[in-house]
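Here is the structure we will look at.
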Amino acid sequence: MVVSLRKRTQATNPRSDLPRFLAADDPDSELDTVCEECRSGKQPAKLLLCDKCDKGFHLFCLRPILVSVPKGSWFCPSCSQHQIPKSFPLVQTKLIDFFRIKRGPDSTSPGKKSIGKKRKRTSLVMSKKKRKLLPYIPTVDPQRRLEQMASLATALRTSNTEFRNELTYVSGRAPRSANKAVLEKGGMQVLSKQDAETLALCKNMMDRGECPPLMVVFDPYEGFTVEADRCIKDLTIITEYVGDVDYLSNREDDYDGDSMMTLLHASDPLQCLVICPDKRSNIARFISGINNHTLEGRKKQNLKCVRFNINGEARVLLVANRDISKGERLYYDYNGYEHEYPTEHFV
């Protein structure tokens, strides 16, 4: 099933509160300004000026790459002094509170006693031949799980994002009643009962602190990105893409929504919905996209993004599309049938 991912495109009408960048059709543009990285003045519309030193940088020459103009003031790598994200403290009680883990008799070791029971649910381990989804298998070592959660908490806190593991419906945006899978243009694949049980199992494990075996790391080129912390089998559910649900019509000119995902592609444009993870989200926000303009980029893809009808609502899942080795970074294609998100400069 084809999935459409809506990402923020270049601003055509820059506002006064946005960082400065040079527009090709602006007669007052400093056309002699060049990018400090590639030393070229070409593509002036994508040259971003530092609000402190006035030096120019192409959005795609920066590391990590900026796909669109950021909101508010912007400072170049030198002026921002390459600030390294401050690690979330590896304190069990703080992590339990941060992720709102359900406290049990032994709340300092979330999920430690129940791992064995859930892994014995062999009825949920379906054969690849039937193309059934598999639940992720948490890391057995509770200390390592805390380190995995701390890595995600670091990324979320650095991006000023609240952890949520489900779609949220905020006042002033699309109500839950608008999320009707039957409105999908051309129809939407219905998640089977067995696969729905697998997804519910993954959700319950996360609620108990048995997180997916993933580490969020900070890369100077890609920014925050996600690595497998153990081998992951093909067809394993990695996570659900979550965030605030809104009408696409409300976000068409969004300058601060660089990770929007299509939730519902309806026949009526006014009924189309997107997921906005800028305020509330989970690990899905930090999984990287491929450069789908190159063969090497496409080879890196190890996840697929699929929208399902689950109990009448549209939901988005990230699922392994092949076996993933420990230490391998996770990638999927940010574009569906709309192909509007620029990936040609991705590393």
**Request:** List, in the order given, every pair from LYS42/LYS279; LYS94/LYS203; LYS132/LYS279; LYS94/LYS180; LYS55/LYS300; LYS279/LYS300 whose Cα-Cα distance in the structure shown is over 26 Å.
**Result:** LYS42/LYS279; LYS132/LYS279; LYS94/LYS180; LYS55/LYS300; LYS279/LYS300
**Computed E for LYS180/ASP54 - FRET, C-beta separation, R0 41 angstrom, nearest 0.05** = 0.25
**Most to least packed among 40-52, 158-170 [average Cβ atoms within 10 Å]** = 40-52, 158-170
**Item:** Where ASP207, ASP219 fall by accessible area, highest first, once all protein chains stay in place (1.4 Å)
**Value:** ASP207, ASP219
**Request:** Provide the solvent-accessible area of HIS265, counting protein heavy atoms only and rolling a 1.4 Å probe, rounded to the nearest 10 Å².
**Result:** 40 Å²
**Prompt:** Given R₀ = 22 Å, FRET efficiency for ASN204-ARG103 by Cβ-Cβ distance, to 0.05?
**Reply:** 0.90
**Request:** Mind giving me the FRET efficiency for GLU197 and SER267? R0 is 25 Å, r the Cβ-Cβ distance, nearest 0.05 is fine.
**Result:** 0.20
**Asked** Running Debye on the range 212-278 with equal point scatterers at the Cα sites and no solvent, what base-10 log of I(q)/I(0) appears at q = 0.22 Å⁻¹?
**Response** -0.96
**Length added when fully stretched, GLU162-LYS94, from 0.36 nm per residue minus Cα-Cα** = 23.1 nm
**Prompt:** Contour minus end-to-end for VAL190 and LEU295, with contour as 0.36 nm per residue of separation and end-to-end as the Cα-Cα distance?
**Reply:** 34.6 nm
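Once you wrap a convex hull around the alpha carbon atoms of the range 157-209, what is its projected area averaged over all directions, in nm²? Spell out each step's value before the answer.
Numbers: hull surface 24.0 nm².
Its average projected convex-hull area is 6.0 nm².
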**Probe 1.4 Å - accessible area at ARG298, Å² to nearest ten** = 120 Å²
**Asked** Using heavy-atom solvent-accessible surface (probe 1.4 Å) with all chains present, what is the largest-first order of VAL306, VAL140?
**Response** VAL140, VAL306
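The values are calculated or read from the model by the stated rules, or taken from the named source; none is laboratory data. Source: prediction; values computed, not measured. Neighbour counts run over all protein chains shown; Cβ positions are idealised from the backbone, glycine included. SASA here: full protein model, heavy atoms, side chains in, ligands and nucleic acids out. Shrake-Rupley method; radii C 1.70, N 1.55, O 1.52, S 1.80 Å.
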